[in-house]
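The values are calculated or read from the model by the stated rules, or taken from the named source; none is laboratory data. Remember, it's a predicted structure, so these values are computed and weren't measured experimentally. Counting neighbours? That spans all protein chains shown, and the Cβs are built from the backbone with ideal geometry, glycine included. Each accessible area value is taken on the protein alone, full model and side chains, heavy atoms only, with ligands, DNA and RNA left out. Shrake-Rupley method; radii C 1.70, N 1.55, O 1.52, S 1.80 Å.
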Amino acid sequence: MTATPPSLTPEDRAKLNALHGRLSALALRNIGYPCNQVFDYSELFRFLQFSLNNVGDPFTGSNYRLNTHEFEREVMEEFARLTRAPEDDWWGYVTGGGTEGNMYGLYVARELHPEGICYFSEDTHYSVAKILRLQHTRSIMIKSTPDGSMDCADLRETLRIHRDVPPIIFANIGSTMKGASDDLAAMRAILDELAITSAYIHADAALSGIILPFVKKPQPWNFADGADSISISGHKLLGCPLPCGVVLARRKNVDRIARSIEYVGVLDTTIAGSRSAITPLMLWYRLKSLGHEGIAQIVQRSLQLADYAITQLQARGIKAWRHTHSITVVFPRPPESMMKKWIIAPKKDIGHIITLPHVTESVIDEFASDFTDALKTQTKAKS
Ligand SMILES: Cc1ncc(COP(=O)(O)O)c(C=O)c1O
């Protein structure tokens, strides 16, 4: 195959080089967003010469044979094990990210319960309200407790008032800002107590879905604990240069929404039509090359580093904390002057850092020292 020779002007090439320089400097200062920057996919670069496409259901094949469905199936089988999906009663695919996975879960829920009401907490990712608007699903926001998890007393009371309408509960398993997990066991208990037999629970495990399978005594979060679908991001803890994720749902629920499309010879079970064939390959490569041991090491190191960050910040009088099994270290919102140097994700009165592999002890020391200096300058300016 011959490719068109590159024909950039020197100015255009310089622009690309400048971008590369800027990104190289920034990548290691990205401590507020959960995107692991440490990976090497160079062995896969040769696959970029093909116009690949994973259109359709990875389990039923497609007329477009330049695909990586076989690898996608292996990725999904691994995630089915990690999420304790019921054997022979699960289905899933590689998504464009956590948002698409949440959309898929809520879509299945809406098809099962067209009149259902979706309950989600104040701490839920911003995209969920948009998804619910898009699919015209009635919804009620439930209060959060100060630690960021869904207030189960408020959930119980709200469900009690709407007992005649099937609930679709959107559970955060590692919330965006505070890394909080909603209590899946308590949710199931409330449904039992109120004798609500027809309900759906979707678990948004964007970051934590790859942490919890590798810790001792994880909080309830997976299929065995009562989730009906689960969405996990691929580019977060595992790390991937292209945004991606996985979604899994109970097979019997998915079967209700599958449609066969003749033009591409696929079963139309996915949200997107054309889908990346490179991201399933990257996830496969990452899972295979790290193995369970490699992932467990990343998780352990990230948890230890989170504790290191808490110790360093607290030693400087900054109230830092984290949830059990969470690598999101929460603290009061840093002064605006910090935002120029560091990529942090502040919201209202808090900020956080996420201790992924590119974050080292020295990065944390530097951040903590900058934080203290910025607070001192702020205090001086006010007095
Ligand atoms: C809890 C949670 N859910 C969903 C998302 C959206 O995931 P993505 O950015 O992969 O679409 C995020 C992103 O940070 C998140 O933190």
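Hey, does region 212-221 have a residue that's at negative phi, in contact with a Lys or Arg (Cβ under 9 Å, 6 or more places away or on another chain) and at pLDDT below 95? No, region 212-221 contains no residue that is at negative phi, in contact with a Lys or Arg (Cβ under 9 Å, 6 or more places away or on another chain) and at pLDDT below 95. Test residue 176 against the criterion of being within 11 Å of the ligand (Cβ to nearest atom) and under 22 Å from residue 150 (Cβ atoms), and give yes or no. Here the answer is yes, as residue 176 does meet what is asked.
For region 355-383, a residue qualifies if it is farther than 18 Å from residue 306 by Cα, open to solvent by 40 Å² or more (accessible area, probe 1.4 Å) and part of a helix (DSSP H, G or I), and the qualifying residues are 373, 375, 376, 377, 378, 379, 380, 381, 382.
So that you can scan it fast, the table gives a plain yes or no per residue for (1) open to solvent by 30 Å² or more (accessible area, probe 1.4 Å); (2) free of Cβ contacts under 8 Å to residues at least 12 places away in the same chain:
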site	(1), (2)
280	no, no
293	yes, yes
301	yes, no
306	no, no
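Restricting to region 212-243, and then to whatever is within 11 Å of the ligand (Cβ to nearest atom) and touching a strand residue (DSSP E or B) at 6+ places or on another chain (Cβ under 6 Å), can you tell me which residue is nearest to residue 289 (Cα to Cα)? Taking the candidates together, the pick is 234.
Taking residues in region 225-250 that are in the same structural domain as residue 34 (by TED's automatic domain parsing) and under 18 Å from residue 81 (Cβ atoms), and partners anywhere that are within 12 Å of the ligand (Cβ to nearest atom) and at pLDDT 95 or above, not one pair has Cβ atoms closer than 9 Å while being at least 6 places apart or on different chains.
Total residues in region 34-73 satisfying the condition of being closer than 20 Å to residue 240 by Cα, buried (at least 17 other Cβ atoms within 10 Å of the Cβ) and of a type in the set (Phe, Trp, Tyr): the figure is 3. Just one of the listed residues (189, 203, 185) is buried (at least 24 other Cβ atoms within 10 Å of the Cβ) and closer than 23 Å to residue 143 by Cα, and it is 203. Taking the criterion of being within 15 Å of residue 289 (Cβ to Cβ), assigned to a helix (DSSP H, G or I) and in contact with a helix residue (DSSP H, G or I) (Cβ under 8 Å, 6 or more places away or on another chain), the residues of region 16-47 that qualify are 43, 44.
Yes or no, residue by residue, for (1) more than 18 Å from residue 206 (Cα to Cα); (2) open to solvent by 10 Å² or more (accessible area, probe 1.4 Å); (3) within 15 Å of the ligand (Cβ to nearest atom):
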residue: 75; (1), (2), (3): no, no, no
residue: 86; (1), (2), (3): yes, yes, no
residue: 90; (1), (2), (3): yes, yes, no
residue: 95; (1), (2), (3): no, no, yes
residue: 106; (1), (2), (3): no, no, yes
residue: 117; (1), (2), (3): yes, no, no
residue: 120; (1), (2), (3): no, yes, yes
residue: 126; (1), (2), (3): no, yes, yes
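Within region 315-332, the set of residues being open to solvent by 10 Å² or more (accessible area, probe 1.4 Å) and either closer than 11 Å to residue 177 by Cβ or touching a residue at least 60 places away in the same chain (Cβ under 8 Å) (or both) comprises 322, 323, 324, 325. What are the residues in region 128-143 that are of a type outside the set (Val, Ile, Thr) and within 13 Å of the ligand (Cβ to nearest atom), if any? Selection gives 129, 130.
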